[in-house]
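Student: This is the structure I want to talk about, given as structure tokens.
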Amino acid sequence: MPEFRSVSLSLGGRAILERFDFSLEEKTRTAILGTSGCGKTTLLRLAAGLQKPDSGAAEPFSGKPSFLFQDDRLVPWSDALENLTILGIPQERAREYLAKVGLAGEEGKLPEELSGGMKRRLAVARCFAYGGDAFYLDEPLQGLDLKTAGDVLAFMAGELSGKSALLITHNPEEALALADRVVIVTGPPLRVVSDRPASAFEDPDELKAALSGK
Amino acid sequence: MKKLLRGILVTAFWLLVWQGGAMLVGKAVLLPGPLSVLKALLALSGTWGFWVSAANSVLKVMAGLLLGVAAGVLAAAGTARFSALRSLLSPVMSAIKATPVASFIILALVWFRVGFIPVFTSFLIVFPMIWANVEQGIGGTDPALLEMAHAFRMPRGNLLAKIYVPSVKPYFLAAVNAGMGMAWKAGIAAEVICSAQSSIGGALHDAKIYLETENLFAWTFTVILLSIALEKLFFRLAEWEGGRRDA
């Protein structure tokens, strides 16, 4: 079972997690909401196994993991298509997913030739073309304008259905559109303020209110 | 066009200074004028021996350069991977870098036959330079990209060819370029000190012995011209390789 058992981690002399216990469920999409700097990204990195805890254990989801990093992490000297195929994704599938995020015709462009929003969509395309059973998503809609954000959100909702996912965001709409479970955290050190099914919220405003502690 | 004209004027100016100097000194044995050096160069280039010597020197220095590049890259890959190997190799590299070229050449005279000495000298000049630069390039590879590659379990071949090689390439090219110039000069110096047969350095040595100062200048010009030509060739190759990758 994917979970955190008494996980502690300090970074730069600052305690981000202190004997933190938390459990995730397979085939469930969990959104973590909280203010910036509270340790959400560290939580994601620990859950994905990209960061080792000082003590305790963080068990990842089972199955093949896929990632959407907050900072895109595109290969700067590889064009859009190669940014996908470099991971062993077949050409045809790569083209298909580029088209799905609205990047058809941009296959031959280097990341530096793409706008910030296009780079984000390229990272999204990579994450889902790679496939997998467990998704670790850090602020997936970051840097997208409203119109594209809506399209990408619909695309991601489709791709994530029936999968395990841990999603970091500070956007209530995003959380309710993509997740089954909504966890509000604060910190550091990180602690859970509220943990409810997404269905418990009538609309994003209610979650927004919960987020601001009202 | 303006640049070309200025180039011609600058060249003409220094040739005149040279000519004036030669006339002032008045002894061709001390400072031959540009015309007599040109005559010597033309005469030399009409002989079979000139081309054999030039080719011989170029080939030997290039052989040393290639060996140094290969060894430097391999060593860098090893020391970047295993820190114990770095601790082991670092003092050796520092020692090689600190040793005067002349010491190597004389040592090589004791150890090897004359023909191999320029190869050995160029190798020793290039090896630590390539190693240090390539290792720096490997260490400078973006950790965020490496983590991405690791997270997505990027195939090893792609990790090497598409992440490490492009990251290291600028460091590598800079080191080869600098190393080539130094290897060339050190290789010639080695030939002079061991008066290698049928080589540029050997010819320089002979010109000194027989006080043929025109020839000394002519051969030195040859060294400079070849050095420029090699550098141009190297950049062509690097560009061609870059263009091929982008295509």
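Student: Which condition number in (1) in contact with a Lys or Arg (Cβ under 6 Å, 6 or more places away or on another chain); (2) within 17 Å of B:MET154 (Cα to Cα) is the one that A:GLY143 fails?
Tutor: Checking A:GLY143 against (1) in contact with a Lys or Arg (Cβ under 6 Å, 6 or more places away or on another chain); (2) within 17 Å of B:MET154 (Cα to Cα), the one that fails is (2).
Student: Answer yes or no: is there a residue in segment A:45-66 that is assigned to a strand (DSSP E or B), modelled with pLDDT of 90 or more, open to solvent by less than 30 Å² (accessible area, probe 1.4 Å) and within 14 Å of chain B (Cβ to nearest Cβ).
Tutor: yes
Student: Okay, moving on. What are the residues in segment A:189-205 that are out of contact with any Lys or Arg (no Cβ under 8 Å at 6 or more places or on another chain), open to solvent by 40 Å² or more (accessible area, probe 1.4 Å) and in a strand (DSSP E or B), if any?
Tutor: Selection gives A:ARG191, A:VAL192, A:VAL193.
Student: Which of the helices (runs of 4 or more DSSP H) found entirely inside segment B:121-231 contain at least 1 residues meeting this: within 14 Å of chain A (Cβ to nearest Cβ)? If you could, list the steps in order and put the result at the bottom.
Tutor: Working: elements: B:143-151, B:165-193, B:200-209.
Correct list: B:143-151, B:165-193.
Student: Ok, one more. Can you tell which of A:ALA31, A:ALA15 is part of a strand (DSSP E or B) and in contact with a helix residue (DSSP H, G or I) (Cβ under 7 Å, 6 or more places away or on another chain)?
Tutor: Values: A:ALA15 fails: in contact with a helix residue (DSSP H, G or I) (Cβ under 7 Å, 6 or more places away or on another chain).
A:ALA31 is the lone residue from the list that is part of a strand (DSSP E or B) and in contact with a helix residue (DSSP H, G or I) (Cβ under 7 Å, 6 or more places away or on another chain).
Student: If you don't mind, another one. Within segment A:164-176, track down each residue that is more than 12 Å from A:GLN142 (Cα to Cα) and open to solvent by 50 Å² or more (accessible area, probe 1.4 Å). Lay out the reasoning, then the answer.
Tutor: If we filter segment A:164-176 for residues that are more than 12 Å from A:GLN142 (Cα to Cα), which is where we start, we get A:164-167, A:172-173, A:175-176.
Of everything in segment A:164-176, just one residue is more than 12 Å from A:GLN142 (Cα to Cα) and open to solvent by 50 Å² or more (accessible area, probe 1.4 Å), namely A:GLU173.
Student: What do you reckon, is B:LEU109 assigned to a helix (DSSP H, G or I), at pLDDT below 90 and either more than 14 Å from chain A (Cβ to nearest Cβ) or closer than 28 Å to B:ALA196 by Cα (or both)? Lay out the reasoning, then the answer.
Tutor: On the way: assigned to a helix (DSSP H, G or I): yes; at pLDDT below 90: yes; either more than 14 Å from chain A (Cβ to nearest Cβ) or closer than 28 Å to B:ALA196 by Cα (or both): yes.
It is true that B:LEU109 is assigned to a helix (DSSP H, G or I), at pLDDT below 90 and either more than 14 Å from chain A (Cβ to nearest Cβ) or closer than 28 Å to B:ALA196 by Cα (or both).
Student: Quick one: how many residues across segment B:173-208 are within 23 Å of B:ALA132 (Cβ to Cβ) and crowded, with 20+ Cβ neighbours inside 10 Å?
Tutor: Narrowing segment B:173-208 to residues within 23 Å of B:ALA132 (Cβ to Cβ): B:173-187, B:189-190.
Those left that are additionally crowded, with 20+ Cβ neighbours inside 10 Å: B:175-176, B:179-180, B:183-184, B:186-187, B:190.
Count: 9.
Student: Six or more apart or on different chains, Cβ atoms under 7 Å: show the pairs whose first residue is in segment A:1-14 and within 8 Å of A:SER55 (Cβ to Cβ) and whose second is outside any loop (DSSP other than H, G, I, E, B) and open to solvent by 50 Å² or more (accessible area, probe 1.4 Å).
Tutor: Every condition considered, the pairs that remain are A:SER6/A:ARG19; A:SER6/A:ASP21; A:SER8/A:GLU18; A:SER8/A:ARG19; A:SER8/A:SER55.
Student: Scan segment B:80-109 residue by residue and report those that are basic (Lys, Arg) and more than 19 Å from B:MET182 (Cα to Cα). Spell out the reasoning first.
Tutor: Looking only at segment B:80-109, we keep the residues that are basic (Lys, Arg), and these are B:81, B:86, B:97.
B:ARG81, B:ARG86 - these are the residues of segment B:80-109 that are basic (Lys, Arg) and more than 19 Å from B:MET182 (Cα to Cα).
Student: Further question: Determine whether segment A:93-107 contains at least one residue that is open to solvent by 40 Å² or more (accessible area, probe 1.4 Å) and either closer than 30 Å to A:ARG5 by Cα or within 14 Å of chain B (Cβ to nearest Cβ) (or both).
Tutor: So far as segment A:93-107 goes, no, none of its residues is open to solvent by 40 Å² or more (accessible area, probe 1.4 Å) and either closer than 30 Å to A:ARG5 by Cα or within 14 Å of chain B (Cβ to nearest Cβ) (or both).
Student: Same structure, new question: Can you tell me which of (1) farther than 23 Å from B:ALA207 by Cα; (2) free of Cβ contacts under 8 Å to residues at least 60 places away in the same chain; (3) open to solvent by 50 Å² or more (accessible area, probe 1.4 Å) is the one B:VAL73 doesn't meet?
Tutor: (2)
Student: Please give the number of the condition A:THR41 fails out of (1) under 27 Å from A:VAL185 (Cα atoms); (2) touching a Gly at 6+ places or on another chain (Cβ under 9 Å); (3) within 14 Å of chain B (Cβ to nearest Cβ).
Tutor: (2)
Student: In addition: Take A:TYR130 and decide whether it is within 14 Å of chain B (Cβ to nearest Cβ), under 26 Å from A:PRO60 (Cβ atoms), open to solvent by 10 Å² or more (accessible area, probe 1.4 Å) and touching a strand residue (DSSP E or B) at 6+ places or on another chain (Cβ under 6 Å).
Tutor: Values: within 14 Å of chain B (Cβ to nearest Cβ): yes; under 26 Å from A:PRO60 (Cβ atoms): yes; open to solvent by 10 Å² or more (accessible area, probe 1.4 Å): yes; touching a strand residue (DSSP E or B) at 6+ places or on another chain (Cβ under 6 Å): yes.
Yes, satisfied.
Student: What single numbered condition from (1) more than 30 Å from B:ALA186 (Cβ to Cβ); (2) open to solvent by 80 Å² or more (accessible area, probe 1.4 Å) fails to hold for B:LEU88?
Tutor: Result: B:LEU88 passes all but (1).
Student: Still on this structure: What is the one condition in (1) open to solvent by 10 Å² or more (accessible area, probe 1.4 Å); (2) farther than 19 Å from A:LEU33 by Cβ; (3) away from chain B (no Cβ under 13 Å); (4) of a type in the set (D, E, K, R) that A:GLU139 does not satisfy?
Tutor: The failed condition is (2).
Student: For segment B:1-29: of the residues being part of a loop (DSSP other than H, G, I, E, B) and free of Cβ contacts under 8 Å to residues at least 40 places away in the same chain, which is surrounded by the fewest Cβ atoms within 10 Å (Cβ to Cβ)?
Tutor: Of segment B:1-29, the ones part of a loop (DSSP other than H, G, I, E, B) are B:1, B:26-29.
Pick out the ones that are also free of Cβ contacts under 8 Å to residues at least 40 places away in the same chain and you get B:1, B:26-27.
Numbers: B:MET1: 5, B:GLY26: 8, B:LYS27: 9.
My answer is B:MET1.
Student: If you don't mind, another one. Just give me the residues in segment A:67-92 being among the acidic types (Asp, Glu) and either facing chain B (nearest Cβ under 8 Å) or over 12 Å from B:MET148 (Cβ atoms) (or both), in sequence order.
Tutor: In the first step, residues of segment A:67-92 are kept if they are among the acidic types (Asp, Glu); the result is A:71-72, A:79, A:82, A:92.
Those that are among the acidic types (Asp, Glu) and either facing chain B (nearest Cβ under 8 Å) or over 12 Å from B:MET148 (Cβ atoms) (or both): A:ASP71, A:ASP79, A:GLU82, A:GLU92.
The values are calculated or read from the model by the stated rules, or taken from the named source; none is laboratory data. Here the structure is a predicted model, which means the values were calculated and not measured. Backbone-built Cβ (ideal geometry, glycine too); neighbour counts: all protein chains shown. Ligands, DNA and RNA are stripped out before the accessible areas are found, and what is left, the full protein with its side chains, is counted by its heavy atoms. Shrake-Rupley method; radii C 1.70, N 1.55, O 1.52, S 1.80 Å.
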